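Right, one structure below, let's go through it.
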Amino acid sequence: MRRAMAEAEVGDDVFGDDPTVQALEASVATAFGHEAALFCPSGTMANQIALQLLVPPGGELLAGADAHVVTYEMGAAAAIGGVSTRTWPSVGAALDPDQIAAMIRPAGFPSVPTSAIAVEQTHNLGGGAVVDLGVLRALKAAAGLPLHCDGARIWHAHVADGVPLAEYGRLFDTLSVCLSKGLGAPVGSLVIGSASRMAQARVIRKRMGGGMRQVGILAAAGAYALQHHVTRLADDHARARRLAEALAGFGVVDLSAVRTNVVLLDLTGTELDARALAAAAAGRDVLLAPMLPHLARLITHLDVDDAGVDRAIEVLSDLLKT
Ligand SMILES: Cc1ncc(COP(=O)(O)O)c(C=O)c1O
């Protein structure tokens, strides 16, 4: 990946003149069956550009209460896009299309009209759970509104369920995807959609300070990740499964939720809280993320090998039994 970055041909991407970025955007758009894509510095920016495309200031977005766009983007939808959000209860990936459709408020005065719906695939706080394709189809049919997919980890859903990326592309008006995280690029995300929406996305990206110059070096890392690191995600999924099964005896893991590369430890009913567990584990070289006071997240990725999983099992077993 570092070699690909060093050898990348570059140009000024603010003017759309970087050939490596152009090639990446074209190949990702094609993979999802859309007309265009735009390279962005982060998943948050890609999501927020999409929300601004689909929801006018003062309009409303429906999303899950635990959605990344609602919970972990520092209020950007409201603070930057003027987007108000209304949420359905935290159900992770277990969406109820009829319940969501029933929340839609039509255009009219004085209630805030619903402009779009956002879905996360895979679902981060749902423990990497995959939203079922049939559920997504039912949601599209029931909603009749533009749908956005926060697909930071959509590659994992693609590998876990074998659903073609273009099938997801057909269901969503806009998607965001990340090349960092499980795919292992140092940075980079894309927002995907129609050519006219992506032309507008370029304006919004510049407005938010996301225009980048000779950024082909980063696009080259992303292209390398897409070429070499997608099918191997199955290894991460198998390692997450092994980790989850080894820790299930402590009563902190819902094995049925472990489908991809995320293992959530629900510490309710134990004496531990997530921060304390993370600090104790970090002291023994095992890194986990405290997501909520009672919820810690373990992620497998290309820098975690079998020995790393063994080590995590050993250390966490020790900490959980005390
Ligand atoms: C589901 C989801 N969406 C979006 C993002 C945002 O990505 P970034 O950290 O690149 O802004 C993340 C980050 O972890 C995520 O988990």
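The values are calculated or read from the model by the stated rules, or taken from the named source; none is laboratory data. None of the values given here were measured: they were computed from a predicted structure. Methodologically, a virtual Cβ is constructed for each residue, glycine included, from the backbone with ideal geometry; neighbour enumeration extends over all protein chains shown. Remember, those area values only see protein heavy atoms, side chains included, never the ligands or the DNA or RNA. Shrake-Rupley method; radii C 1.70, N 1.55, O 1.52, S 1.80 Å.
Give me the distance between the Cα centres of the range 147-197 and the range 249-322, rounded to whole Å.
27
Any aspartates and glutamates with Cα under 20 Å of the Lys181 Cα? List them, leaving off those in the same chain fewer than 8 positions away.
Of all the aspartates and glutamates, those that pass the test against Lys181 - Cα under 20 Å, at least 8 places apart if same chain - are Glu25, Asp66, Glu73, Glu120, Asp150, Asp161, Asp235, Asp236, Asp285, Asp303, Asp305, Asp306.
Report the charge-dipole magnitude of the chain in Debye, nearest 20, computed about the Cα centre from +1 at each Lys and Arg Cβ and -1 at each Asp and Glu Cβ.
500
Hey, got the dipole for the range 267-316? About the Cα centre, +1 on K and R Cβ, -1 on D and E Cβ, debye to the nearest 20? Please list the in-between numbers first.
Values: 4 positive and 8 negative charges, 49 e Å.
My answer is approximately 240 debye.
Return one whole number: the accessible area per residue of the chain in Å², for a 1.4 Å probe. Spell out each step's value before the answer.
Details: 13490 Å² over 322 residues.
Per residue, the chain has an accessible area of 42 Å².
Summing Lys, Arg as +1 and Asp, Glu as -1, what charge do residues with Cβ under 12 Å from the Cβ of Gly11 carry, Gly11 excluded?
The answer is -4.
At a threshold of 8 angstrom on Cα-Cα distance, excluding pairs fewer than six apart, so keeping six or more, what relative contact order does the range 101-171 reach in percent?
32
From the residues Val309, Leu183, Val21, which one has its Cα farthest along the dipole of the chain in the positive direction, the dipole being from +1 and -1 charges on Cβ of Lys/Arg and Asp/Glu about the Cα centre?
Val21
Using a 7 Å offset from the Cα along the Cα-to-Cβ direction at both Ala166 and Glu9, what is the distance between the two label points in nm, to one decimal?
Result for the modelled spin labels: 2.7 nm.
What does the charge count around Val21 come to, taking other residues whose C-beta lies under 13 Å from its C-beta (Lys +1, Arg +1, Asp -1, Glu -1)? Write down the numbers at each step before the final one.
Numbers: positive: Arg202, Arg205, Arg213; negative: Glu9, Asp12, Asp13, Asp17, Asp18, Glu25.
For residues surrounding Val21, the net value is -3.
For the chain, give the percent of accessible area contributed by carbon and sulfur heavy atoms, probe 1.4 Å, rounded to a whole number.
Here it works out to 55 percent.
What is the local net charge at Met212, summed over the other residues whose Cβ is closer than 11 Å to its Cβ (Lys, Arg +1; Asp, Glu -1)? Can you show the working numbers first?
Working: positive: Arg205, Lys206, Arg213; negative: Asp12, Asp13, Asp18.
Every neighbour counted, the sum reads 0.
Could you work out [θ]222 nm for the chain from helices alone, using -39500 (n - 2.57) per DSSP H run of at least four and dividing by all its residues? Round to the nearest 500 deg cm²/dmol. Spell out each step's value before the answer.
Details: 14 runs with 138 residues, N = 322.
Mean residue ellipticity, 222 nm, calculated: -12500 deg cm²/dmol.
Which one of Ala46, Ala78, Ala276 is farthest out on the positive end of the charge dipole of the chain, using unit charges on Cβ (Lys, Arg +1; Asp, Glu -1) and the Cα centre as origin?
Toward the positive end, the furthest listed residue is Ala78.
Multiplying the sequence separation of Asp273 and Phe109 by 0.36 nm and subtracting their Cα-Cα distance, what value in nm do you get?
Taking Asp273 through Phe109 to full extension adds about 54.4 nm, to one decimal.
Treating only the Cβ atoms of Lys and Arg (+1) and Asp and Glu (-1) as charged, compute the dipole magnitude of the range 149-307 about its Cα centre; round to the nearest 20 debye.
Roughly 920 debye, rounded to the nearest 20.
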